[in-house]
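> Handing you this structure, nothing more for now.
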Amino acid sequence: MKTITVSFLCFITFLATAQETVSGTMMHDHIERVHKIYIPSSYTKEKPVPLLLLIHGYSEPAGWILEYTKFQPLAEKYGFIIACPEGKINAVKVPAWDFSSTNDKGEIKDVDYVNLFMDKLINDYAIDEKRIYITGFSQGGYMSFIAGCHLNNRIAAIAPVSGAMPVSNLFKCAPTHSTPAIVINGDNDNAVPYNGNTYGKSVDKSLKFWVDHNKCDKTPIITSVTDKNPDDEQTVEKHEFLNGENNSKIVHYKVIGGTHLWPGREGNTSFEATPVIWEFLSQFKLK
């Protein structure tokens, strides 16, 4: 039986004023896991707010993705909480997500951790449980897909960036509801290849799963996205698979020439992923 333990320091921090980034810890599988939580200034216990789970990539501390994605101004404007759990410190001493270790129930341990982390957030804050979303970069993109499958009863919509649907016998995707997704990948990404590798499916196959599951139109509407930086030798296409069940849809942003960076960071500046992701996710809630 698992227990959740929060440090006394973390408890005191939770009592602090709003509009701040909270650092905390949580025990899972006998390991202390750290996290960052951004609380908007408008937050009060009286009104449940949406929750955005923001999942870091390989070797990144949780605070890094909070800094470079810059969701905080949007959290201030629209009043949602951002929560960044951190992967375990691995053999080479960096935070990483482990998609192969399982518990005695056969569940992926890090998925169980994210699940219990959601329980903790719901216990500590006023969270609208019908408006929990997940996005992440690289390994966090993989985790966004995985949570969209394994934690589907809790996740309203997903937004993987530079991620893929895993190729693994442990990965069983059986969503219980139509799940909107916004999927962003660069076609020049050497770490998570657009056409797939031994660890992840191709973007086309990843998209096809969700298009089929949601019963969306199989032929996308493709439009060009306004290029915010013509000098970076990148362009962006928007692929929309519409008319899914319960008004769901799948939207793919293909960054032509895009590398393994969050769009909007230096090096991938053809468009800003962060506001596009929130605008998409915030349309949906669990039925």
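The values are calculated or read from the model by the stated rules, or taken from the named source; none is laboratory data. Everything quoted here is computed from the prediction, not taken from an experiment. Because the Cβ atoms are built from the backbone with ideal geometry, glycine has one as well, and the counts that use them run over all protein chains shown. Just the protein is used for accessible areas: all its heavy atoms, side chains included, with ligands, DNA and RNA removed. Shrake-Rupley method; radii C 1.70, N 1.55, O 1.52, S 1.80 Å.
> What angle, in degrees between 0 and 90 and rounded to the nearest 10, separates the Cα long axis of helix 203-214 from the longest principal axis of the Cα atoms of the chain?
Approximately 70 degrees, to the nearest 10.
> Taking the range 206-287, which GluC sites (Glu not before Pro) meet the DSSP loop condition and have no more than 16 other C-beta atoms within 10 Å?
Those satisfying the criteria are Glu233, Glu266, Glu272.
> Compute the signed sum of charges (Lys and Arg +1, Asp and Glu -1) over the other residues within less than 14 Å, Cβ to Cβ, of Thr274.
My count for the surroundings of Thr274 gives 0.
> In percent, what relative contact order does the range 18-88 have, based on Cα pairs under 8 Å that are 6 or more apart in sequence?
38 percent
> Might you report the magnitude of the Cβ-based charge dipole of the chain about its Cα centre, with Lys and Arg at +1 and Asp and Glu at -1, to the nearest 20 debye?
In debye, rounded to 20, the chain gives about 740.
> Could you pull out the GluC sites (Glu not before Pro) across the range 79-138 that fall in loop regions by DSSP (anything but H, G, I, E, B) with no more than 16 other Cβ atoms inside 10 Å?
Glu107
> Roughly how big is the range 124-212's charge dipole about its Cα centre, with Cβ charges of +1 (Lys, Arg) and -1 (Asp, Glu), in debye to the nearest 20?
In debye, rounded to 20, the range 124-212 gives about 220.
> Right, here's the next one. For every other residue with a beta carbon closer than 14 angstrom to the beta carbon of Pro95, add +1 if it is Lys or Arg and -1 if Asp or Glu, then tell me the sum.
Summing Lys and Arg as +1 and Asp and Glu as -1 gives -1.
> I need to check one value: relative contact order of the chain, counting alpha carbon pairs closer than 8 Å and at least 6 residues apart, in percent.
In percent, rounded to a whole number, it is 14.
> Rounded to a whole number, what % of the accessible area of the chain do carbon and sulfur atoms account for, probe 1.4 Å?
Taking all protein chains in place, the chain shows 52 percent carbon and sulfur surface.
> Which three extents, in whole angstrom, do the alpha-carbon atoms of the range 35-100 cover along their principal axes, largest first?
43, 21, 14
> To continue, here is another question. Taking just the alpha carbons, could you work out the radius of gyration and Dmax for the chain, both in angstroms?
Spelled out, the Cα radius of gyration and Dmax of the chain are 18.0, 55 Å.
> Can you find, among Ala159, His56, Gln72, the residue farthest towards the positive end of the dipole of the chain? Put +1 on the C-beta of Lys and Arg, -1 on that of Asp and Glu.
With unit charges placed on the Cβ atoms, the residue in question is Ala159.
> Suppose every Lys and Arg Cβ carries +1 and every Asp and Glu Cβ carries -1, with no other charges. What dipole size does the range 16-66 come out with about its Cα centre, to the nearest 20 debye?
It comes to approximately 160 debye.
> I would also like to ask the following. Hey, what's the chain come to in accessible area per residue, 1.4 Å probe, Å²?
I get 46 Å² per residue for the chain.
> Over all distinct alpha-carbon pairs, what is the Kirkwood Rh of the range 93-216 in angstrom?
14.9 Å
> Next up: Based only on the alpha carbon positions, what is the Kirkwood hydrodynamic radius of the range 220-287, in angstrom?
Evaluated over the range 220-287, this radius sits at 13.0 Å.
> Still on this model: When all alpha-carbon pairs of the range 75-134 are counted, what percent fall beyond 19 Å?
44 percent
> For Asp110, what charge total do you get from the other residues with a beta carbon under 10 Å from its beta carbon, if Lys and Arg give +1 and Asp and Glu give -1?
After counting each charged neighbour, the total is -1.
> Follow-up question, since we're still on this one. If N is the number of residues in the range 117-178, what value comes out of its Cα radius of gyration divided by 2.2 N^0.38 Å?
Compared with the compact-globule rule of thumb, the range 117-178 sits at 1.15.
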